Amino acid sequence: MAIFLRESDVEKLATMQMALDAVEQAFRLQGEQKADNAPRRRCRVGKGMLHVMSASLPTLGLAGLKTYTTVSGTARFQVLLYNGEGVLLAVIEADKLGQVRTGAASGTATKYMARANSSRLGIYGTGWQARSQLEAICAVRPIKTIVAYSRDQENREKFCKEMTEALGIGVYPASSPEEAARDMDIVVTATASKEPVLKGEWLAKGAHVNAVGCNFLSRQEIDVEAVRKSVCVVVDSAEQSMLESGDLARAAEADAFYWEDARELGLVVIGEFPGREDDSEITLFESHGIALEDVALAGRVYQAATKAKIGEPLPF
């Protein structure tokens, strides 16, 4: 019998380490061509949008879809998880699940692409997604200092205080956008901006960038120069990036980037394509948020829920 897991259940069960393990495994299977991912599709509904995306991990006996609505500023997320025989295992409220898996995707990319001694992290955006970005990256690199920038000074300072307490690492508010990138080993953009918040001229040699918020062609978090300076450009899904990456689309239009040069993260994880060949290189991971990540983590959450006997039975 299938179970229903609420946000409160996911909060109890989904740890960052669980997410990092699940997402890295999913990308390894992607690289080995043992996973399928269908890009996000969007339909208009009233005053908003319906979003649907699906994936399967046959060797793990898992398949599923993530569906969510964004209507009048409110988002509602659900994952439907199936086993290899097509039997529904769980319906999972997936706001927290999505936050954690997005952080884990950046953590996985950072593990394979950032310099091993990276200790300084800058982040643009101080919202819901920014929190899991810091947690994941701090789990894979010896981060000692974090600098955060967002347009709202009050939110920025509150975020820094809360994350300093949560991580046990100093998180400091940036006084200008440039300060969050200058001399940083790792830079994250986690915004919904339509205009670039990060300029390539600010990036230090050897920096790694995780661009997280640009999953619409109308959005652009990093400028063309940031893409141009990136020796290695990696995406979570080549197909989905061409449908959604405003960052890469603008760079391609300016002849600063060629789509065929992008590599999927799975190929980096299995070692077929290097995420970095030199400590002086600037590297870029464009994260759009793919269903493969959701299904992989949902499977781990479901296993933990059944072991802990958490979840409400569904009548089918």
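Numbers below:
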quantity: For His288, His208, His51, order by how many other beta-carbon atoms lie within 10 Å, fewest first; calculated: His51, His288, His208
quantity: Residue exposure sequence - Glu286, Glu157 - by fewest surrounding Cβ within 10 Å; calculated: Glu157, Glu286
quantity: Volume per residue that the Cα convex hull of the stretch 111-199 spans, once the total is divided by residue count, Å³; calculated: 91 Å³
quantity: Three-way shape call for the stretch 245-316 based on the alpha-carbon gyration tensor, with the a/c threshold at 1.5; calculated: prolate
quantity: Convex hull projection area averaged over all views, the chain, Cα basis, nm²; calculated: 15.7 nm²
quantity: Under 5 Å, built H, 5+ apart or other chain: amide partners of Val188; calculated: Gly122, Ile123, Tyr124, Asn210
quantity: Ratio of the Cα radius of gyration of the stretch 126-257 to 2.2 N^0.38 Å, where N counts its residues; calculated: 1.04
quantity: Exposure proxy ranking, count of Cβ atoms within 10 Å, fewest first, for Met113, Met53, Met18; calculated: Met18, Met113, Met53
quantity: Unsatisfied cross-links (Cα-Cα over 28 Å) in the set Lys47/Lys158; Lys144/Lys309; Lys111/Lys229; Lys12/Lys66; Lys144/Lys194; Lys111/Lys307; calculated: Lys47/Lys158; Lys144/Lys309; Lys144/Lys194; Lys111/Lys307
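Coordinate-derived values only; no laboratory data. Since we're looking at a predicted model, the values are computed, not measured. All Cβ positions, glycine included, derive from the backbone under ideal geometry; neighbour counts span all protein chains shown.
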